[in-house]
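Data first, discussion second: the structure below is written as structure tokens.
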């Protein structure tokens, strides 16, 4: 640790209440994502103003406005993006002092998504879901651990760099990107296209892990329908159970393929490689002739390979459903297809991040593959060295991502700021 490291770490510790208050205010600013539309605008405007107030250049822009975006193969239409902007801010580096006589050769982007899952049933929360309450060493509310803590850390660190007069020898970018939840991806894609960088550190991760591989996958909805009118949804439910059996065979194939991938050794990803998110037949007297199964799955296969499996699944199910007077209408994607994308082997960004973590006394970081996230886009269209790093919480934990009573631990938030801060100095 050198004097500059100590200077920044001391400032983080002394001014940590600023970090907590930034996150609290972000949580109070509703940015729920409902899939086909979202509320990110007010949050993006707040982030923009914070950067303007600290004298940092920033750009608020719709993902749709980026050149080549709407014709891009991974653009997902139907998301009402005109009112769901990204914010990208940047601090130019003193690359001349680093011996470079021309444009800087190095650009690093920090990133985190501004949208959140919907609050859901507020009566199930023990705290106001948009309260941003700071209590019991935690900051509570929707987006606390998915993913507004990453935005807060980036804003806080860029403020400290400015206030302390620390000038980096590379250009530092940060993007608060929209439309991540519900399998969007448009915000992350737009940031890569408009502000290409050499490296990307996506702060949408969990438990001080480094994600060095993006799992592939998708959310799909299978529809079963009776060929004739019915007065009970029971037969449709029987058909759904047949479809469920085939999806569990599909899950077993996913389990085998992901278990063989060393990026996922020791993780929960293989065992959670297919999960049922909805299982519905009838609507209390209406639509008795139709039912749905909504599943999310992980894979290392390509989209084309998965579509072939679904084609075979339909062929297997056809005679079974025919016997019940049913048909499998479709297996329809409800999100983009997430591409399986491993990060570069012997990644120097991972090496440096681990060195920094040990240097400040946090210990070694766990390196493994991700769940479905926009890391796949950052690797595929940003940089092969792109990684994710953060302190989010698991989906199945109390107060975890997408859960009621979502929270982030204050001490962990400060530790994250210290690791990322020293990483910025060392990069």
Query raised in the report: Within the stretch 30-37, can one find any residue that is touching a strand residue (DSSP E or B) at 6+ places or on another chain (Cβ under 9 Å), in a helix (DSSP H, G or I) and modelled with pLDDT of 95 or more?
Result: no
**Report entry** Filtered residues of the stretch 403-424 (kept if buried (at least 19 other Cβ atoms within 10 Å of the Cβ) and either modelled with pLDDT under 95 or closer than 17 Å to residue 159 by Cα (or both))
**Finding:** 413, 416, 417, 418, 419, 420, 421, 422, 423, 424
Query raised in the report: Condition test on residue 71, is it over 28 Å from residue 401 (Cα atoms), in the same structural domain as residue 145 (by TED's automatic domain parsing) and either within 18 Å of the chain's Cα centre (by Cα) or surrounded by 13 or more Cβ atoms within 10 Å (Cβ to Cβ) (or both)?
Result: no
**Report entry** Unique residue being in contact with a helix residue (DSSP H, G or I) (Cβ under 6 Å, 6 or more places away or on another chain) and under 25 Å from residue 105 (Cα atoms) when the list is 188, 222, 214
**Finding:** 188
Query raised in the report: Can you spot a residue in the stretch 160-172 that is closer than 14 Å to residue 413 by Cα and in the same structural domain as residue 192 (by TED's automatic domain parsing)?
Result: no
Query raised in the report: For residue 164, are the conditions met, namely being touching a helix residue (DSSP H, G or I) at 6+ places or on another chain (Cβ under 8 Å), closer than 15 Å to residue 22 by Cα and either modelled with pLDDT under 95 or surrounded by fewer than 24 Cβ atoms within 10 Å (Cβ to Cβ) (or both)?
Result: no
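Does residue 320 fit the bill of being outside any strand (DSSP E or B), within 17 Å of residue 371 (Cα to Cα) and either in contact (Cβ under 8 Å) with a residue 60 or more places away in the chain or under 27 Å from the mean Cα position of the chain (by Cα) (or both)?
No; evaluated as a whole, the condition is false for this residue.
Answer with yes or no whether residue 278 is assigned to a helix (DSSP H, G or I), under 29 Å from the mean Cα position of the chain (by Cα) and touching a residue at least 40 places away in the same chain (Cβ under 8 Å).
Considered against the rule, which asks whether it is assigned to a helix (DSSP H, G or I), under 29 Å from the mean Cα position of the chain (by Cα) and touching a residue at least 40 places away in the same chain (Cβ under 8 Å), residue 278 comes out as no.
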Query raised in the report: Among the candidates 325, 285, 266, which residue alone is free of Cβ contacts under 8 Å to residues at least 12 places away in the same chain and at positive phi?
Result: 285
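If the requirement is being surrounded by fewer than 22 Cβ atoms within 10 Å (Cβ to Cβ), over 15 Å from residue 293 (Cα atoms) and not assigned by TED's automatic domain parsing to the domain that holds residue 69, which of these qualifies: 267, 223?
267
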Requested in this report: Can you give me the number of residues within the stretch 106-124 that are touching a strand residue (DSSP E or B) at 6+ places or on another chain (Cβ under 9 Å), farther than 20 Å from residue 48 by Cβ and in a loop (DSSP other than H, G, I, E, B)?
Outcome: 4
**Report entry** Criterion violated by residue 306 - all others in (1) in contact with a strand residue (DSSP E or B) (Cβ under 8 Å, 6 or more places away or on another chain); (2) within 30 Å of residue 232 (Cβ to Cβ); (3) at pLDDT 95 or above satisfied
**Finding:** (2)
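Quick grid of which residues meet (1) modelled with pLDDT of 95 or more; (2) closer than 17 Å to residue 115 by Cα; (3) within 21 Å of the chain's Cα centre (by Cα):
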{"position": "332", "(1), (2), (3)": "yes, no, no"}
{"position": "343", "(1), (2), (3)": "yes, no, yes"}
{"position": "367", "(1), (2), (3)": "yes, no, yes"}
{"position": "370", "(1), (2), (3)": "yes, no, yes"}
{"position": "394", "(1), (2), (3)": "no, no, yes"}
Report summary line: Quick count over the stretch 138-159, residues being under 19 Å from residue 419 (Cβ atoms) and not in a helix (DSSP H, G or I), is 1
Query raised in the report: Does the stretch 191-207 include one or more residues that are more than 23 Å from residue 72 (Cβ to Cβ), surrounded by fewer than 20 Cβ atoms within 10 Å (Cβ to Cβ) and at pLDDT 95 or above?
Result: yes
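The values are calculated or read from the model by the stated rules, or taken from the named source; none is laboratory data. Being a predicted model, the structure only gives us computed values, none of them experimental. Note that each Cβ is placed from the backbone with ideal geometry, even for glycine, and that neighbours are counted across all protein chains shown.
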